[in-house]
1. Would you mind working out the magnitude of the charge dipole of the range 123-207 relative to its Cα centre, with +1 at each Lys and Arg C-beta and -1 at each Asp and Glu C-beta, to the nearest 20 Debye?
2. Just in the range 155-240: which chymotrypsin sites (Phe, Trp or Tyr not before Pro) are loop by DSSP and have at most 10 other Cβ atoms within 10 Å?
3. Keeping all protein chains in place and using 1.4 angstrom, which order do 489, 435, 124 fall into by accessible surface area, from largest down?
4. Show the residues, 5+ positions off or on another chain, whose built amide H is closer than 5 Å to the amide H of residue 502.
5. Keeping every protein chain in place, order 215, 33 by accessible area at 1.4 Å, biggest value first, i.e. largest first.
6. Show me, for the range 62-75, the HN-Hα J-couplings you get by feeding each phi into the Karplus relation (A = 6.51, B = -1.76, C = 1.60, θ = phi - 60°), rounded to Hz, glycine and proline as x.
7. Among the trypsin sites (Lys or Arg not before Pro) within the range 1-83, which fall in a DSSP loop and have no more than 12 other Cβ atoms within 10 Å of their own Cβ?
8. Roll a 1.4 Å probe over the protein heavy atoms and report the accessible area of residue 86 in Å², nearest 10.
Amino acid sequence: MPITYSSRAPILPLPQDVAERIAAGEVIERPVSVVKELVENALDAGATEVRVEIRGGGMRLIRVTDDGCGIPEDELERASARHNTSKINRLEDLEHLHTLGFRGEALASIAAVSELTLLSRAIETETMGEEHPALFITWRGGEVTQRGRKARLHGTTVTVRDLFYNVPARLKFMRGARTEAGHIERLLRRYAVGYPGVRFHLTIEEHAALQTGGSGNLATTLAELYHLPLAEMLNPIAVNTDEDSAHAFALHGYIGNRALAQNNRQHVTLFVNGRWVQSRPLQEALEAGYRGLLPKGKHPLLVLHVDLPTEDVDVNVHPAKTEVKLLHEAEVIEAMTKAIRGVLERSPALPEEAQFPGPQLVYQRRLPGVRRRGLHVSESAEHYSVEKPDPGAAEVLATLRPLAQLQQAVILAEAPDGSLYLIDQHRAHERVIYEHLRRTYTGVGAQENQGEEWTGSHLLLEPVIVELKRHEAELFEMRLPLLRGLGLECERFGGRSFLIRSVPGGVGQEQLAGHLPELARIAAEDSDEWENRLLIGLACRSALRRGRTLGLDEQRSLINALANATAPAVCPHGSPILLHYSRTFLIDKFDW
Ligand code: ADP
Ligand code: MG
């Protein structure tokens, strides 16, 4: 069939109002994007208090009030014109940005698709007194419809009504008011932790939804936002690169205790120079930090601030400015991942977060009235986390004195300070073996290996034959040299069968033999994860089982081996190994 071009129209410039609305769409996707821009303007204006009010999910009304520097009267009208900004005026300024905004597009975009009112009083005019009320201007669809005066102290009030009234296509994509309000609440929560020195207040449909005190303390702000009983549920992160190193940067923030882990990433927040960002590589760096240290699918409560010289950050990557590029990204990424791992690897579980198969030692009850969308904190956490072990508590392991074994599964041990540790023997051993295998396999720190029993491979009395599927067999064959390096001697035995002659040394060989078919299939998986999964599988299948009686000497040597592990608090699957009952806990319980 011949192609016809009859429907092609000539190239013409877009009518201005159409162009305006299209441009607006790049910045203003939905109500939450309006709130974001207005809050950023308030912060750029040096506000110490930001109040946000929304109705109809922000479609009917958004009002942001701040106590910032205000806008001088003779500039007020200009504020809503495209590419008008007070924040930069030369291209070079982009390299030294100290403000969240700089494109001069937000107010223009909002004005194009709503009814916008700016009421502002510049801080310099305040001395002129009440008889000189502040100026306001209203635009609808970008045209001025009203001007007037109103009393107010210095600062700015921006009111946005009837969002997208003139963009029906956009309106169609809006979800219900509740969904939009939910986005806005999450946004405000993010800015509140990004700017703990600013008081935030959010009213949704005339109900107070969120409030912070602006104490300037991040832990306090987190406790306010999440109704956490104690800031002790949070572990601090603080990294400062050497001042005279070429690429200086600093990381600071908090990571919540495992009890606060959630099933989604909603509470993982990252700021770069005070700007909330979502860049993929940075996000992944955070995840890499807690992957394997929390159960699969769990995400921590995590707030991290990255501060670095302004010239090392490019924020001009995306219209919403939520993506950034860092000049020395690889270094920052490595430090981020390491900092998070460092904290999680060393923090033992608190009693209320344990997932033991044994009896519940702590009476647990959910706190009533914990906010629906907020984090859930059990009552016991409130009372007994007072004396939370510090992040370095894993070092205590080396000083523990084993007392007894409970249910042939858990070692009870006393710390020098009189507190009690419970150690899951299977997970502890799993962790020790896993790290040993990883060292052997990657060659890292191999010389630190702990004695003869750990080295080489162990020849099986009877080789094990495993049969694989055809595609598995091919991958498996290719990986034979790698497996050999791990102590798994295998050879092809014709067709799709393989003979496994040996297993890694010192890892409970007899116990392992029966699991070799399952492990071989892991070693034949078509995935990047196969190596780590195989190490975990080997560790899990050869670790001491629950139900095995351990003498005090065996308990002691397991604790010592665990004390040498880099991540003694979590098993390779991400479940807790240690449970700590602080002295306070015991004192409280017995009412001493
Ligand atoms: P940008 O923030 O990129 O400069 P905007 O369209 O968001 O662009 O705002 C335009 C200008 O209006 C800003 O540069 C600033 O001078 C002024 N402005 C906007 N909101 C406020 C506010 N809340 N307080 C003081 N000035 C403001
Ligand atoms: Mg702005």
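The values are calculated or read from the model by the stated rules, or taken from the named source; none is laboratory data. Worth saying up front: this structure is predicted, and the values here are computed from it rather than measured. All Cβ positions, glycine included, derive from the backbone under ideal geometry; neighbour counts span all protein chains shown. These area figures cover heavy atoms from the full protein model, side chains too; ligands, DNA and RNA do not enter into them. Shrake-Rupley method; radii C 1.70, N 1.55, O 1.52, S 1.80 Å.
1. On the way: 14 positive and 10 negative charges, 101 e Å.
For this selection, approximately 480 debye.
2. 173
3. The ranking, largest first, comes out as 124, 489, 435.
4. 460, 489
5. The ranking, largest first, comes out as 215, 33.
6. For the range 62-75, the Karplus curve yields 10, 10, 10, 10, 10, 10, x, 6, x, 10, x, 3, 6, 10 Hz.
7. Loop-located and lightly packed - 8.
8. We get 110 Å² for residue 86.
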